[in-house]
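Q: Here's a structure for you.
The values are calculated or read from the model by the stated rules, or taken from the named source; none is laboratory data. Predicted, not measured: the structure shown is a model, and the values here were computed from it. All Cβ positions, glycine included, derive from the backbone under ideal geometry; neighbour counts span all protein chains shown. Protein only, heavy atoms only, side chains kept; ligands, DNA and RNA dropped before computing areas. Shrake-Rupley method; radii C 1.70, N 1.55, O 1.52, S 1.80 Å.
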Amino acid sequence: MNEGAVRAELVDRAYSMFERGYSSGGAGNISARLEDGSFIITPTNSSFGDLEADSLSKLDAKGNWVSGDKPTKEVAMHLAMYRNRPTCHAIVHLHSPWLTALSCMPNLDRENCLPPLTPYYVMKIGRLPVVEYFPPGDDRISQEIDKLAKKHNSILLANHGPVVGGETLRQAFFNAEELEDTARLYLILLPHGFTTLNEVQVQELEKRYPRM
């Protein structure tokens, strides 16, 4: 896919997220890795609801800003995910309500904070580790992602929100939507109890549908 098509798709998918309440105001950021190794990323203080394809920030393969509006302060977080996942070509960082609510809960399992409620969570995400709270844009976030991204395409930032990768923009957005729906189901069911997939069922899914 050429750069123009990537820019247009990013804007369209971001607008869909905004319209459905996955990101409000200037919250969140999105990036895509181009075929030549450079990156397109949303600008600082931009809204998913009114992005313009020509104004998206462009970075070279080393992450240096080369054109477009000034990039988000969370560039390093995206680069850490790309650095550790060669098949990842798109990243979505949201402040979506259910996952952000989950990220604020006490005593989360830092290795995996969501149970295997559905086969699609297992197939698309698998496990969701949690990074302790650091201020947005802090280098320690990218350092923690460096430790986790080889094994995880999705990571939850405490008191902040999710970082979700995919092989394409389409897949990254689908993964983010699945993750948000799983958090919603979990928090709705939490007061009532729930049944999860067992270990055998999880292993069968992982064997049939390996993740990127």
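Q: Would you be able to tell me the number of residues in region 120-144 that are outside any loop (DSSP other than H, G, I, E, B), touching a His at 6+ places or on another chain (Cβ under 9 Å) and among the β-branched types (Val, Ile, Thr)?
A: Here the count works out to 2.
Q: Among the residues of region 62-90, write down those that are more than 20 Å from Arg170 (Cα to Cα) and among the aromatic types (Phe, Trp, Tyr).
A: Matches in region 62-90: Trp65 only.
Q: Out of the residues in region 82-119 that are part of a helix (DSSP H, G or I) and touching a Leu at 6+ places or on another chain (Cβ under 9 Å), which is most open to solvent (accessible area, probe 1.4 Å)?
A: Trp98
Q: Could you pull out the residue among Asp139, Asp109, Asp146 that is over 14 Å from the mean Cα position of the chain (by Cα) and closer than 17 Å to Thr87 by Cα?
A: Among Asp139, Asp109, Asp146, only Asp146 is over 14 Å from the mean Cα position of the chain (by Cα) and closer than 17 Å to Thr87 by Cα.
Q: Among (1) surrounded by fewer than 17 Cβ atoms within 10 Å (Cβ to Cβ); (2) touching a helix residue (DSSP H, G or I) at 6+ places or on another chain (Cβ under 6 Å), which single condition is Gly161 missing?
A: Only one criterion in (1) surrounded by fewer than 17 Cβ atoms within 10 Å (Cβ to Cβ); (2) touching a helix residue (DSSP H, G or I) at 6+ places or on another chain (Cβ under 6 Å) is unmet by Gly161, namely (1).
Q: Right, next: When you scan region 173-196, do you find a residue that is within 23 Å of Gly28 (Cα to Cα), open to solvent by 30 Å² or more (accessible area, probe 1.4 Å) and in contact with a Pro (Cβ under 9 Å, 6 or more places away or on another chain), even just one?
A: yes
Q: Further, regarding this structure: Go over the candidates Ile155, Ile145, Ile125, Ile141 one by one and state the one that is in contact with a Phe, Trp or Tyr (Cβ under 8 Å, 6 or more places away or on another chain), within 27 Å of Val6 (Cα to Cα) and open to solvent by less than 10 Å² (accessible area, probe 1.4 Å).
A: Only one candidate passes the filter, namely Ile141.
Q: Picking from Gly21, Gly4, Gly25, Gly37, which residue would you name as being under 16 Å from the mean Cα position of the chain (by Cα), of a type outside the set (S, T, N, Q) and loosely packed, with under 13 Cβ neighbours inside 10 Å?
A: Exactly one of Gly21, Gly4, Gly25, Gly37 is under 16 Å from the mean Cα position of the chain (by Cα), of a type outside the set (S, T, N, Q) and loosely packed, with under 13 Cβ neighbours inside 10 Å, namely Gly21.
Q: Can I ask one more? Please pick out the residue among Pro71, Pro116, Pro129 that is within 17 Å of Leu10 (Cα to Cα) and either more than 12 Å from the chain's Cα centre (by Cα) or of a type in the set (D, E, K, R) (or both).
A: It is Pro71.
Q: Taking region 161-212 as the search range and keeping residues that are β-branched (Val, Ile, Thr) and in a helix (DSSP H, G or I), which one is nearest to His78 (Cα to Cα)?
A: Step by step, filter region 161-212, then rank; the result is Thr182.
Q: For region 1-67, give me every one of the strands (runs of 3 or more DSSP E) that falls completely inside it and has 3 or more residues that are modelled with pLDDT of 95 or more and in contact with a helix residue (DSSP H, G or I) (Cβ under 8 Å, 6 or more places away or on another chain).
A: Where strands (runs of 3 or more DSSP E) fall fully within region 1-67 and carry at least 3 residues being modelled with pLDDT of 95 or more and in contact with a helix residue (DSSP H, G or I) (Cβ under 8 Å, 6 or more places away or on another chain), they are 29-33, 39-41.
Q: Would you say Gly165 is in contact with a Cys (Cβ under 6 Å, 6 or more places away or on another chain) and either under 28 Å from Leu56 (Cα atoms) or polar (S, T, N, Q) (or both)?
A: Yes, satisfied.
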